[in-house]
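What follows is calculated from the coordinates using simple rules that are stated; it is not laboratory data. As the structure is a computational prediction, the values presented were derived from the model and not from experiment. Cβ coordinates were reconstructed from backbone atoms using ideal geometry, including for glycine residues, and neighbour counts include every protein chain displayed.
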Amino acid sequence: MSQKVVVIFSGGMDSFTVLNLAVKQGLEAFALSFDYGQRHKKELDYAARACQALNVKHKIVDISAINQLIGGSSLTSDIEVAEGHYEEGSMKSTVVPNRNMILLSMAVGYAVSIDAKKVYYGAHSGDHAIYPDCRPEFVHKMNDVCAIANYAAIEIVTPYLEVSKTAILTAGLEMGLDYKQTWTCYNGREKACGKCGACQERLAAFTDNGLNDPLEYE
């Protein structure tokens, strides 16, 4: 029997690569997506389609009521999404308070309930400066906690923690992945805006790999 793992899957490039990596490693992946009231809820549609194509078990969990407690982010509140490069000054408004700790806690609970031993998520080095819950020290501390929080120890796995989005895209292209199946833009409109920090970083990754992004932009 293959080993069960839970993969936190937003529908974006990074988690798409992580999910495919787990599948290609022969693991039995259980993809877990969250509706936390994000402006770019469109990513969940991409997540569902990608899981269907991979024949991966997938749950989308509605936790949008949590916004009563964790407002103040441009991703979840009526605050305009900043435009410009992926830098602290413009991107700090996109931080959702305690998001990854909350999502990881639920993913770990799910892992325990299905007898999975690991939870994968797509933190990478490009997020370190902006998002505290994507930094190595956070991942290491969460691993310490998840080793003792239940009778069964759960490991938090971040395959791309120390590499850039460009390197993640390179790895995915080497696996033959189609990134038209992913959504990155923080504005959930019909086409990607091309102006928010998430779009800018995505476009830069494709440029660095000498390719054009297959997504349509406004």
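Remarks
- Label reach from Lys117 (point 7 Å along Cα→C-beta): in segment 23-42, amide nitrogens under 14 Å belong to 27-28.
- Exposure proxy ranking, count of Cβ atoms within 10 Å, fewest first, for Glu155, Glu201, Glu218, Glu137: Glu137, Glu218, Glu155, Glu201
- The local environment of Ala31, defined by Cβ-Cβ distances under 15 Å, has a net charge of +1 under the rule Lys, Arg +1 and Asp, Glu -1.
- Cross-link pairs Lys4/Lys118; Lys4/Lys57; Lys59/Lys141 - those with Cα-Cα distance over 18 Å: Lys59/Lys141
- For segment 133-218, with +1 on Lys and Arg beta carbons and -1 on Asp and Glu, the positive-most of Pro136, Leu203, Ile154 along the dipole: Leu203
- Gained length - Glu216 relative to His140, 0.36 nm times residue gap less alpha-carbon distance: 23.6 nm
- If both residues of a DSSP beta bridge must be in the chain, then about 5% of such bridges are antiparallel.
- Net charge in the neighbourhood of Val6 (other residues with Cβ under 12 Å of its Cβ; Lys, Arg +1, Asp, Glu -1) is +2.
- Put simply, the C-alpha atoms of segment 173-218 give a gyration tensor, and the ellipsoid matching it has half-axes of 18, 12, 8 Å, longest first.
- Listed by chain and number, the lysines whose alpha-carbon sits under 28 Å from that of Lys195, ignoring those within fewer than 8 places in the same chain, are Lys41, Lys42, Lys92, Lys165, Lys180.
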